[in-house]
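Step one of this worksheet: look at the structure below.
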Amino acid sequence: MPLRDHLPQIDDRRYDDIVTEIRTRIARYAPEWRPGEAAWTDVNENDPGVTLAQVFAWQADMLLYRLNRVPELSYIKFLELIGIELTPAQPAQAEVTFPVAATHTAAIVRVPARSQLTADPQDGAAPVVFETVRGLVAFRAALKSVMVFDGSQYVPRFADNQAADRGFEPFGPRPDRESALLLGFDDSAALPAEILDLAVVVMPGTQAAARQYVPCGGNPLAFAPATVVWEYQTPSGWTRLNVLKDDTLAFSRSGHVSVRLPATGIVAKTKLQPADPLPFYWLRARLLASQYERAPRLLAVRTNTVAVEAAETLTDEVLGGSDGSRNQVFQLSGKPVVQGTLQLDIEESDRGFERWTEVGDFFGSGPADRHYVLNRSTGEIFTGDGVNGAIPVAYVNNPNGNVIARLYRVGGGKRGNVAAGAISTMAYRVEGIDENGVGNLQAAFAGSEEETLDEARKRAPRSLKSRERAVTAEDFETLAQAAGNVRRAKALPLFHPDFPGERIPGVVSVVVVPDADGPRPMPSEGTLKSVCAYLDERRLLTTELYVVKPGYQEIAVRGEVVATNDADLAEVADAIDAQLTVYFHPLRGGEDGQGWPFGGRIHYSRVYQRVFGVPGVASIARLVVVLDGIEQPECTDVPIAAHGLLYSGQHQVSVNYGFDGDAP
């Protein structure tokens, strides 16, 4: 029997309910004031007896309120007991390009790590602060030509590379051995002997994105489908370059390629073909071997591009002084704190400040361990009691300032998920950077709000079952939601995205839907990789894992509705459209309001009920479901693709008044 059947009945009466109940009981319990006197019949506000009843009702209301809070308090304490905390807000991420001004005197510009930029969010509030996650060596040399050699001829693709939505095939439509992508750079001086970092953006809807999934580490398909070598051209021919990093898997996914230019730099400009009008410094990515299932397609190749986060770095913040007591608490001024960024220094003697270490709890800490626990959401720092965790010693030479947050970063929230091109303002000038060209090619992603208590309650029983290990389908779903900005997840055992009709042993695919606005939320490649990395650490060694984008189908409802004579036709039409849009929404739809079920059949009677339940609707003359542009038979349930979701297209339900008694 479920435990909920044994829950005690909680008194939900309030002040007005209690006063009303007292008044109804007067006739039974106080028929008269004293023997021989008239009955108590005046129960109006001016009666002294009613005033006393109101006082006692107010006291009872306060008592019931506090008692009703006891179960909630007990549940929260239980969550604390099993180590469940609210997941703090997560900062958004993006890639920003820093072009160098052509008039700058130096061949490179070094953009320091934690350089700040701002973006104006769509909500009109204060600008969102972004910071670079690492330093960047920006080249003054500009990318002036992009050529594709498909094995027989050179095809110019520079215009496609500059456009924000065209895309191009870097090795042609049929990539084979000796196909190549060539990049031509132009500068007034030689290319310096530095590391050139190229940001490669895969076109959405192609290659890994076309397959609508990302393979996670630890499986064979994580290897590149082709062998690529990088070379630069000299007057005597092509010379191999040393590739330091290539996380694009041969242009099959977005990432960065880092190549070290020769020690002497590249000093000679050359022409690919004698008829070319201008010479350039040429680099190329050439295929030595190709096993592409389909030709890769790129949105863009960018230089001078680095990752940024919607977070701000704070340094040398004095938190106060230790008084030597147990269980001290120090407060940071900024919050929420980005995980793993706080550097806490405490001065306890003339030896100077010493670094303390953050831990999740004090259960494994000894009396001498300089450990602290950080509440990232509130910015509170907790120290030990001398038994579990050391007590910060009071320092007489610095009594009010021996606890310092040397460095930490704050930020997080969905506000950071700004649109493409929004991160365009530099907070501090970097000499040589062309500030008019700074911007993000793609929208920021992965920013999420702090977890709510209701969400933590739902997560708690699943966390107890999974214990941070992905074994069952429910484990994969729970951990995927904890990995990042994921609102819903669906684990598909034995399902391989490349072979949807077959049951493949050892394969698990996880469909993720991000917490995002819009009719069909689609995870970015960054979100897919984040979930991959999180699940990959917790899966079984023999599990072949894929994180999959949801497959959406467009649904539209067409029909004719008769409204009541006193209804406003425009209001009824808008209400019907809003009701249907919410009902089919992947995050807020369905019968329970938790999102349309994966692969959930469209029940005609329930759609009919949704429309008929709109205020002002008298009757429905005709109602038709249209799925992916195909009109379905009336009065029949409509199946959708396995594991698919729905999103609303243009609902077309006309509303008119009835005639000849059609409407009341």
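The values are calculated or read from the model by the stated rules, or taken from the named source; none is laboratory data. Small disclaimer: the values here were computed from a predicted structure and weren't measured. Cβ sites come from the backbone with ideal geometry, for glycine too, and all protein chains shown count toward neighbours.
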Against the condition part of a loop (DSSP other than H, G, I, E, B) and on the phi > 0 side of the Ramachandran plot, how does GLU502 come out, does it pass? no
What are the residues in region 449-477 that are modelled with pLDDT of 85 or more and under 15 Å from the mean Cα position of the chain (by Cα), if any? GLU449, GLU450
List pairs: first residue in region 49-73 and closer than 13 Å to GLU21 by Cα, second residue among the β-branched types (Val, Ile, Thr) and surrounded by 11 or more Cβ atoms within 10 Å (Cβ to Cβ) anywhere in the structure, Cβ distance under 6 angstrom, at least six positions apart or on different chains. VAL50/VAL43; ALA53/ILE22; GLN54/VAL19; ALA57/ILE18; ALA57/VAL19; ALA60/ILE18
THR564 fails exactly one of (1) modelled with pLDDT under 90; (2) in contact with a helix residue (DSSP H, G or I) (Cβ under 9 Å, 6 or more places away or on another chain), namely (1)
Of all strands (runs of 3 or more DSSP E) completely enclosed by region 583-664, which ones contain at least 2 residues that are over 25 Å from the mean Cα position of the chain (by Cα)? 617-627, 652-657
Against the condition within 30 Å of GLU131 (Cβ to Cβ) and loosely packed, with under 14 Cβ neighbours inside 10 Å, how does ASP323 come out, does it pass? no
Condition first: small (Gly, Ala, Ser) and assigned to a strand (DSSP E or B). Now tell me which residues in region 249-263 satisfy that. GLY255, SER258
Number of positions in region 45-86 that are among the β-branched types (Val, Ile, Thr) and within 40 Å of the chain's Cα centre (by Cα): 4
Residue ID - farthest from the chain's Cα centre (by Cα), chosen from residues in region 329-347 that are in a loop (DSSP other than H, G, I, E, B) and surrounded by fewer than 20 Cβ atoms within 10 Å (Cβ to Cβ): SER333
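Let's see how each residue does on (1) out of contact with any Leu (no Cβ under 9 Å at 6 or more places or on another chain); (2) outside the structural domain of ASP165 (by TED's automatic domain parsing):
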residue	(1), (2)
GLU231	no, no
ARG297	yes, no
GLY321	yes, yes
ASN327	yes, yes
Assuming GLY237 fulfils every condition listed in (1) without any contact (Cβ under 8 Å) to a residue 40 or more places away in the chain; (2) at negative phi apart from one, which condition is it? (2)
Do we have any residue at all in region 349-367 that's basic (Lys, Arg) and buried (at least 20 other Cβ atoms within 10 Å of the Cβ)? no
With respect to GLY559, determine if the residue is in the same structural domain as GLN609 (by TED's automatic domain parsing), of a type in the set (Gly, Ala, Ser), in contact with a strand residue (DSSP E or B) (Cβ under 7 Å, 6 or more places away or on another chain) and not in a loop (DSSP other than H, G, I, E, B). yes
